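Let me begin by presenting the structure, written as structure tokens, before commenting on it.
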Amino acid sequence: MFLSDSYQLLDFGGGRKLERFGGILTDRPSPPASGTVPHVPHRWGEADLYFRTESKGKAHASLGIRGNWLPRTPQGTAFLESGGTVSHSEPDFTLELKGSPFGHLGIFPEQSLNWDRLYRLCQHAQQLLSRPIRVLNLFAYTGGSTLACAAAGAEVTHVDAARNIVAQGRRNAELSGLQDVPIHWIADDAVKYVKREEKRKKEYEGIILDPPAYGHGARGEVWRLARDLPRLLSTLSTILSPEYHFILLTCHSPGFDAPRLKTLLSGELSGKIESGAMSITAATGVKLPAGHFALLTSER
């Protein structure tokens, strides 16, 4: 969970969300918040940063709507110049905050419960194996899941196509005091990397995937979720250890709800499958939808 002074969703509505990251309040787009109205409209004027989309609203399918961050207070200006951090507890790690031209800040808070799950799964697996569990994190972004597993003692291979994002993941490991643990930082296309691992006969006891709707690999490879996710999942059995413990699949794309993710993950692998919606609970008590997950675990 996030430390109480690190992150909070204050309100959402009108296609936007008001969040607190440390001492900074941000007002940014949130498509799932469309069709609702803010519960505490008087708070929105307190935002230090406002993300304004470009007039044409041109979107990058894997990243979001392009635009720019506008500071509304001196604190907002200072944040844009130097960034900030948020802290997560149990597992303990720190993530760097940095505004992107697509409205992101380097963190997806709805993944917090999954980080808790991964931490416990790795701990349990290592008790059974009497050695570190080997985890592959694909589409790994800035490394929240990577650090959750590493904090539990796992050996993690972190794969993301964007070199700057991988570099940010490394910085997050340093901020978390995890720079010396066995994390392999890889800037590569997820599909190609899995195929190479298959040829190398590399095996993992845990696999994590958080694929975008659309994206490009490190060398211009094109990823389309509907076309490529089933193919990728079908190859995962070739790199899963006979002692595998889990596969966690999360998705934020429309049309990929919990039942569909559960069906995709079932395949030919045996085990127990749990699936459901991800969300963030606002200070008002109302939940903001934030994608879906499916978790396949072995029955050991």
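Quick one: Thr53 ticks every box in (1) surrounded by 14 or more Cβ atoms within 10 Å (Cβ to Cβ); (2) within 20 Å of the chain's Cα centre (by Cα); (3) modelled with pLDDT under 95 except a single one, so which number is it?
So Thr53 meets the others, but not (2).
Can we say Thr146 is part of a loop (DSSP other than H, G, I, E, B) and open to solvent by less than 20 Å² (accessible area, probe 1.4 Å)?
No; evaluated as a whole, the condition is false for this residue.
Of all residues in region 254-284, which are assigned to a loop (DSSP other than H, G, I, E, B), crowded, with 18+ Cβ neighbours inside 10 Å and out of contact with any Phe, Trp or Tyr (no Cβ under 8 Å at 6 or more places or on another chain)?
Residue satisfying the conditions is Phe256 alone.
Select from region 172-181 the residues that are crowded, with 19+ Cβ neighbours inside 10 Å and not polar (S, T, N, Q) and list them in ascending order.
Taking region 172-181 as the starting set, the residues that turn out to be crowded, with 19+ Cβ neighbours inside 10 Å are 172-173, 176, 178.
Passing the criteria: Ala173, Leu178.
Do you know which of the residues in region 195-209 that are open to solvent by 40 Å² or more (accessible area, probe 1.4 Å) and touching a helix residue (DSSP H, G or I) at 6+ places or on another chain (Cβ under 8 Å) is farthest from Gly291 (Cα to Cα)?
Our first condition is that a residue be open to solvent by 40 Å² or more (accessible area, probe 1.4 Å); within region 195-209, this holds for 195-196, 198-203.
Next, only the ones that are touching a helix residue (DSSP H, G or I) at 6+ places or on another chain (Cβ under 8 Å) stay: 195, 198.
Values: Lys195: 28, Glu198: 30 Å.
Only one residue fits best here, namely Glu198.
Looking at His184, His158, His216 in this structure, which one is at pLDDT 95 or above and surrounded by fewer than 23 Cβ atoms within 10 Å (Cβ to Cβ)? Step through it out loud before you land on a result.
Details: His158 fails: surrounded by fewer than 23 Cβ atoms within 10 Å (Cβ to Cβ); His216 fails: at pLDDT 95 or above.
Only one candidate passes the filter, namely His184.
Say we look at region 111-132 and pick out the residues that are in contact (Cβ under 8 Å) with a residue 24 or more places away in the chain and among the polar types (S, T, N, Q); which of these is farthest from Glu274 (Cα to Cα)?
The selected residue is Gln126.
Of the residues Gln111, Gln127, which is open to solvent by 10 Å² or more (accessible area, probe 1.4 Å), polar (S, T, N, Q), assigned to a helix (DSSP H, G or I) and out of contact with any strand residue (DSSP E or B) (no Cβ under 8 Å at 6 or more places or on another chain)?
Gln127
Of all residues in region 64-98, count the ones that are assigned to a loop (DSSP other than H, G, I, E, B), over 17 Å from Gly144 (Cα atoms) and open to solvent by 30 Å² or more (accessible area, probe 1.4 Å).
Quick first cut of region 64-98, residues assigned to a loop (DSSP other than H, G, I, E, B) only: 66, 72-73, 83, 89-92, 98.
Next, only the ones that are over 17 Å from Gly144 (Cα atoms) stay: 66, 72-73, 83.
After this cut, where a residue has to be open to solvent by 30 Å² or more (accessible area, probe 1.4 Å) as well, the list is 66, 72-73.
Count: 3.
Assuming Leu296 fulfils every condition listed in (1) surrounded by 17 or more Cβ atoms within 10 Å (Cβ to Cβ); (2) of a type in the set (A, V, I, L, M); (3) not in a strand (DSSP E or B) apart from one, which condition is it?
All conditions are met except number (3).
The values are calculated or read from the model by the stated rules, or taken from the named source; none is laboratory data. Because the structure is predicted, anything quoted here is derived from the model rather than measured. Note that we place each Cβ from the backbone using ideal geometry, even for glycine, and neighbour counts take in every protein chain shown. Accessible surface areas use protein heavy atoms only, side chains included; no ligands, DNA or RNA. Shrake-Rupley method; radii C 1.70, N 1.55, O 1.52, S 1.80 Å.
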